[in-house]
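Laboratory data are not the source of any read-out in this text; all were calculated from the coordinates shown. Keep in mind that this is a model prediction, so the values were computed, not measured. Here the Cβ is made from the backbone with ideal geometry for all residues, glycine too, and neighbour counts use every protein chain on show.
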Amino acid sequence: MAELSEQQEQELGETKQARRSRSGFWFGVIILFFVIGLAGAGFYLFTQLRDKQEGLGGEVKGQMSKQIADYQSQLVAIQSQLATLEANIAGKDTHFTKTLADFSQLHNEKLENTRKELNEAIAQVQRQLGKTRGDWLIADAEYLLSVANERLHLIGDVNTTREALEAADQRLRESGDAATYKVREEIAREIAVIKSITVPDTVGIYASIQTLQDRVDKLVLLLPYTGKALTAPAEEKQKPAAATEDHGLIDSAVNQLEGFVTIRHTEHEVKEILTPEEAQFIQEQLRVKLEMVKVSLVQHNEAIFQSSLADAKKWIEQHFTKNADSDSFIAELDRINTINVHSQFPDISPSLKMLRDITKLRIESDKAMPPAEAAPAQTREPTKPAATVAPAEAAPAAQ
């Protein structure tokens, strides 16, 4: 019984052990499926997460690419602006460099011109300081001769020309230079010619023409004109004893008109009556013609002077009555017409030409001297060319 129970217990134990092993098997299978399900779910979740991560990475990569492209375009724009700025800077640099070069060149030219002018001024001062008193007197005489030529031929001033020639001769005499002897001979001849010139009295002729202009109002017009001032009635003539009744009526009418109408007999045919403006125009025209005479007198124009006098005379004969006033007026015009207002001035330039070539005269003078007298002249030969100066240098010396 004991062995049976032990066998039953053993069978029960084995049965329980079999059941336990079978339940463990199914439990392991369940756990395995659970683990496999968990692994599949994890794999699925991992796959979804990786896809989502890849989508997020592509979006981020696109945004980054877009931003990089924008940055690159901005960088290109900045580079173009920098290139433009560099070009502008280079252009301005070139402009400033060119301007500076031009200014420097202009400054150098001005400096060079100033240096030349200063050297010329220094040389001129040295030439002036190297002259002797005789050279200064000769230069002064040359200036006076040039003034004499200008006053004679440009203005016609004979008196000033003669005084300038005499002053130039005095300067040459004081210089004591033997080479100026021929120049003084020529000046003496020119002074004699100047003294022989007859100068018209321009002021007197001008005053005479002015007086004639004042006498124009006293001339009587040839034609009658309205607005004329009344004249004193003429004395009544003795009527003949055998006057008829008609003549008596006419005489009575004339007596009544006396004091209002002046009857004047004329040999010319009266075709029209002038207005006061026309009468004044005729008188003013005569004054204008006399004014032309004065202008031609001042200008020493002989042709215009003669033609203006003839024109004024013809105007008087055509428009004014011939009486004592008009006859004296015409006589005065004829007297003025005989005056020669333009004189032919002689040529006084030889002395000036000779003095400007004073070096040649000095050489000729030294050759004409004996050897003993020519030796001192040769010692002063280096200072001789200083006497030959231009008129522009002689003018300040004379002043």
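Expressed as a whole percent, how much of the Cα-Cα distance distribution for the stretch 65-129 exceeds 16 Å?
Counting every Cα pair in the stretch 65-129, those more than 16 Å apart make up 71 percent.
If packing is taken as the average number of other Cβ atoms within 10 Å across a peptide's residues, how do 183-191, 202-210, 87-95 rank, most packed first?
183-191, 202-210, 87-95
Mind pulling up the Rg/Rh value for the stretch 131-173? Radius of gyration and Kirkwood radius, both on Cα.
1.05
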